[in-house]
Structures are given as C-alpha cells and as structure tokens.
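To start, the structure under review is shown below, and the notes come after it.
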Amino acid sequence: MSDIIIAAASARAFVRAAAAAGRRVIAADVFLDRDTRAAAAGTLRLIYADGGFCADDVRAQIFPLLEQGAELVYGSGFETQPELLEALAHHGKVWGNSADKVRLLKSPATFFALLSSPKIPFPAWSSTPPENLEGWLCKRIGGSGGTHIFPAAHCADPMCYYQKKTAGTPVSLLFLADGKNVMPVGYNRQLLAPSSSMPYRYGGVVSGADLALHVRDGMLKAAAEIAWSSGLCGLNSLDCMVDEHGFQVLEINPRLSATFALYDAANAGAVLFEAHMQACAGVLLQALPPEQPQAHLIYYAPSDFMVSAAMEWPDWVADVPESGTVCKAEEPLCTVMASADNADAALALASARMAALGTNLNQVPKKSQALEKS
C-alpha cells in the first residue's frame, strides 16, 4: 500500500483517522502539533499565506514524494489556487475532487448559476461592489476559516466577491458523494470567534444540530443536486444559513472539512476516512452509525505565548503544540473538545473547559508564557 500524504492547513484529525485505518501517513500541515506527529510516519511543515499554501513550497516538498509513488489526500489550503491541485495530479495520484470541480464550485459565478436551475435558495451576490454597501459582506474567492470575510465597506481584497448578509444560524452538512449520489454524515452548527480585525473568524463547531425536518431534507436535497450537477466525490461540506423559515446556501467546500473531527470517536474516524477514499473511487458506503454530539472550540491565544515543556494539557485538548512553540496573539493555540447527550450540553461543557484552560494558562509562570523581547 502506498504512503498517503495528507495535506491540510490543520491535518490532525485526518492523519489520526488514516493511521487508525492502517495507512502509513505523511502529515503535511502548518502546525505539526504533538498529536499530529504522534500519528504520522513522517511530517512536512507547509508554508501558508494569503488563504492558501505557498505553491513553491508544495512543489519542493510534495512533488518528489508523489513521483516516488506516494498518494495525496487533501483538505483546506488549495481552493484559492486550483491550478496547484492540477499540477499535483500531474505528478501522482490525488484523492478527492479534481481541480476543475474545485474551480467550478469555488467560482461564485458558476456556483450560484448551478444553484439557480434547481432553485436552491441562496443570498444575493455580486462580483462588483453594490451601490449601497450596507448589509453586504465581501469574501475572498476560495477563502476558508472566516478570516477572509469582512463588511463590504471595509473590503480591500481584489480577489473577492460580495454577498448579501442574511440572518440565521450557520449550519453545515457533512456528506459523502460518489459522483452521482450522496450520503449524509451529520448536520453541524458552526460558531464564530470574532476579533477586532477578523469579525467572522471561525470559532468551532458542534455536531447534532437540532434542525426542523424540512430544513434537514432541504439541505440534503441541495447537496444531492450539487453533487449530481458537478460530479462531486468523497467527503464535502455544504455551508448554509438557517432560520425559522428555512435555509440559504452560502458555499460548498469540495474537500475534507474540519467537521470530520466531530465523527472520529472510537474507530469511527478510521471508518469515515476509508468511506472518503471509497467514495472518491465511486463506491458509496451505507450510512454511518450516529454518534454522541461533540463540540470543538478553537482556543486563540489572547497574547503572545511560548509553550512550556512543563505545561500539562488536559485529555480534552487536541492540536497540542510542541514545547517551545511560539504562538502569537490571536493565533490558534489548541482545540478544546467535549461530548454530551445533545449539542447544547456539549457546547456548554466545551465552553466551560475553554474558561478552565484560560485560567490554567494564566497561571503559567510569566517567564514561560511571555516572549522574550530582544
């Protein structure tokens, strides 16, 4: 069996799942946290800037491995430059949606045109600034993580499009596709962690979203229409805004999503990873058994922080940085996890753990916590 390179901005959940499935994994991400390294047979630290991986860095580190027979599975980090995915596919086997599918679905013009024919609801959008910017957002094409979204009046990104702001709760549907059909994995409530400079920054997610039946069915039908029209394969995530009236589609992420990590309890992650691989090959597995709702929250460093070797991390923390890692203020430090009988209880427990972690970090001696000023 060939080595599997898993490349994503944060690859921990995918790496652990693939390793649990018996794969020999090379982890390629930005952080290379302690738990990612522990599960991987090899590691590559990738450079990430302006919403995606540095193309020259990917060429230098991943191309040679593909030419030697390794195969690539990818998550976030490529949507802003599908031509890089195309180049990777010329050097070896890439599991997931093709560059052409990514172009189709991450281009606002083609994506929203695709939604219009079956009359899937979506907010108004524009490729140019609207006459009245009030109530509009600008979004970088192919962006992820919410750091690319700003009020339209504050937009300075030439690679953006404009979308009418809509009320409701952000919800995503994680689903499998085989090129024609879809299989739901779970409905997830998305959470924000706004900062002064990033008002729509991703804050986490909780599974087991409590949705009306017509909303669940509508989102699944929308995913099925998109998959059939575009030939989607593998795991994908459909992002929507949901209110009492229904839902509106915001975008689709045609690759492994962060919500994968909500479904990796016990051996389920290994099963889900293999389901992704088989769906990419055109084989759709039966529905996965339901899991207890999980909440995952991103802990952003409130100030510059150097990780101490003496730091004791609770077992409900993932993406644990190696000792000596320097985390700048507002950068992600780790992920806090919790599970419970329902989504609200899981989120409440995760929030309480976030507060406890913050208290513990504040008790770390300042000489270990603060960066030295030269």
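The values are calculated or read from the model by the stated rules, or taken from the named source; none is laboratory data. Quick caveat, the model's predicted, so the values are computed rather than measured. Cβ coordinates were reconstructed from backbone atoms using ideal geometry, including for glycine residues, and neighbour counts include every protein chain displayed.
Please list, ordered by residue number, the strands (runs of 3 or more DSSP E) wholly in the stretch 1-48 having 3 or more residues that are crowded, with 24+ Cβ neighbours inside 10 Å. Write out each step before concluding.
Values: elements: 4-7, 25-29, 42-45.
By residue number, 4-7, 25-29.
For the stretch 104-162, name all the residues that are hydrophobic (A, V, I, L, M, F, W, C), modelled with pLDDT under 95 and in a loop (DSSP other than H, G, I, E, B).
Leu133, Ile141, Cys155, Ala156, Met159, listed by residue number.
What's the number of the condition Gln292 fails, among (1) in contact with a Ser or Thr (Cβ under 8 Å, 6 or more places away or on another chain); (2) under 14 Å from Ala19 (Cα atoms)?
Among (1) in contact with a Ser or Thr (Cβ under 8 Å, 6 or more places away or on another chain); (2) under 14 Å from Ala19 (Cα atoms), the lone unmet condition for Gln292 is (2).
Restrict the check to the stretch 194-203 and report whether at least one residue is hydroxyl-bearing (Ser, Thr, Tyr), in contact with a helix residue (DSSP H, G or I) (Cβ under 6 Å, 6 or more places away or on another chain) and more than 27 Å from Cys280 (Cβ to Cβ). Walk me through how you get there before you give the answer.
First pass over the stretch 194-203, keeping only residues hydroxyl-bearing (Ser, Thr, Tyr): 195-197, 200, 202.
Applying the additional criterion that residues be in contact with a helix residue (DSSP H, G or I) (Cβ under 6 Å, 6 or more places away or on another chain) yields none.
Within the stretch 194-203 (the criterion being hydroxyl-bearing (Ser, Thr, Tyr), in contact with a helix residue (DSSP H, G or I) (Cβ under 6 Å, 6 or more places away or on another chain) and more than 27 Å from Cys280 (Cβ to Cβ)), the answer is no, since none of the residues qualifies.
Could you tell me whether Val58 is in contact with a Cys (Cβ under 9 Å, 6 or more places away or on another chain), of a type in the set (Val, Ile, Thr) and under 22 Å from Arg12 (Cα atoms)? Show your work before the answer.
Numbers: in contact with a Cys (Cβ under 9 Å, 6 or more places away or on another chain): no; of a type in the set (Val, Ile, Thr): yes; under 22 Å from Arg12 (Cα atoms): yes.
Against the criterion (in contact with a Cys (Cβ under 9 Å, 6 or more places away or on another chain), of a type in the set (Val, Ile, Thr) and under 22 Å from Arg12 (Cα atoms)), Val58 does not qualify.
In the stretch 69-83, how many are assigned to a helix (DSSP H, G or I) and surrounded by fewer than 20 Cβ atoms within 10 Å (Cβ to Cβ)?
Applying the first criterion (assigned to a helix (DSSP H, G or I)) to the stretch 69-83 yields 82-83.
Within this subset, residues satisfying the condition of being surrounded by fewer than 20 Cβ atoms within 10 Å (Cβ to Cβ) are 83.
Number satisfying all stated conditions: 1.
Looking at the stretch 98-117, which of its residues are surrounded by 20 or more Cβ atoms within 10 Å (Cβ to Cβ) and over 27 Å from Val73 (Cα atoms)?
Of everything in the stretch 98-117, nothing turns out to be surrounded by 20 or more Cβ atoms within 10 Å (Cβ to Cβ) and over 27 Å from Val73 (Cα atoms).
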